[in-house]
Amino acid sequence: MAQKFDRMKDGYNRYQVDLAMEELDMRIDNLQRINEAYQLRCKQLEEQIRYLESVYSPAFQNLRQKEDAASQMVAIAMKEANTIVSTAKQNADVIIGEALLNAREMLADITHLAQETQDAKGTMKRQTQRIADLLDEFEEIAFPEVELLNEKKR
């Protein structure tokens, strides 16, 4: 924004320089007013920031504390959940082991009872055959016909 002045005998045209100086002074005054307005607005905004910080800072602090507490509770809950799951798995393994042991014992008992049943069945067959053989050895005795039996029929 260089301004050119007419040259005169003793230097530049004094009226042009004076006019340019007045314009520059007016421009400086205008810029100073704008600057003061911006500085005032900056102060207002800084005050507003301080006010908002004073109002919201405790809320943010409270929120941070609650977030920290929530994070701690989640960590504790996860730890307890993992402990519960681990304990449940261990208990399930113990229960399954006991159930398998009981099942093996029951199968052994069933096998033993089946063997005893087969032995008893064989013994009963032999004894039944012996009784049948003994019964076959008895002689049949003929009974005479008795009158008493005939009288009842009349």
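The values are calculated or read from the model by the stated rules, or taken from the named source; none is laboratory data. Just so you know, these numbers come straight off a predicted model, no measurement behind them. Using ideal geometry, Cβ is built from the backbone for each residue, glycine included, and neighbour counts are taken over all protein chains shown.
Can you name the condition, by its number, that ARG104 falls short on among (1) modelled with pLDDT of 85 or more; (2) loosely packed, with under 10 Cβ neighbours inside 10 Å?
(2)
Please tell me if SER54 is in a helix (DSSP H, G or I), of a type in the set (S, T, N, Q) and either surrounded by fewer than 10 Cβ atoms within 10 Å (Cβ to Cβ) or in contact (Cβ under 8 Å) with a residue 24 or more places away in the chain (or both).
Working: in a helix (DSSP H, G or I): yes; of a type in the set (S, T, N, Q): yes; either surrounded by fewer than 10 Cβ atoms within 10 Å (Cβ to Cβ) or in contact (Cβ under 8 Å) with a residue 24 or more places away in the chain (or both): yes.
The answer is yes for SER54.
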